[in-house]
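Asks: I am attaching a structure below and will ask some questions about it afterwards.
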Amino acid sequence: MTSWSLLPRIAALAVLALAGCTSAPQRWGEWTDPALGQSSGILRGGKVLIACDSFDLLMRQPCQDDLARALAARGVDPVVAPAATNPGTREADLQLAAGASAAGADFVFVLSLMPAAMSSGSGMSVGIGGFSFGRNSGAGIGLSAPIGGGWGSTGFSATGRVTDARTGRMVWSTTYVASPSSDIGGQVRELIRNVLDSAQAAGLL
């Protein structure tokens, strides 16, 4: 899978965070398995097992509901993963893929949501750090505010990835980051729309 430089991501995030605006989500990058071709239509008209990965469990179900509705509107038959599923790693994706056949699905669509930027009235700092949410951890973007300053709006990143349940191979992925907003639900729906627009442009839908 193609890896993307971290510096363009940091630059894009800094612009969004420091501007404090409500601009449209920005794409960080996208990868498609060359074997799929330009118009594979692999998600179109069939069952797809879906799951949302979020550090906040209260966000997961609304995200899955929004993702299911958005996919259904584009001709996909979404099957929501069991509530006990804890997506977030490639190993978890493979476990979902193993159970997808029981649901009659050939593909797994996971959407990962993570906080990427925060704004506050008293200032902010943007740095490179680590994050750890539940069982998910890795290198990412760290945000901090002055002590006592409080937190303002949050901007999330959304990474969509599709795995072929028959082979366990990831065949497509894209990431978008949104500017900070207090309307988290609207922000997530906008991120989902952008991720699915990218999937459609890549020929998956």
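Rule-based calculations on the coordinates, nothing more; no lab input. Quantities reported herein were computed from a predicted structural model and do not represent experimental measurements. As a convention, Cβ positions derive from the backbone with ideal geometry for all residues, glycine included, and neighbour counts pool all protein chains shown.
Asks: How much length is gained on full extension from R193 to V80, taking 0.36 nm per residue of separation minus their Cα-Cα distance?
Replies: 38.9 nm
Asks: Spin-label point model (7 Å from Cα, Cβ direction): what's the D106 to D65 distance in nm?
Replies: Computed distance between label sites D106 and D65 equals 3.1 nm.
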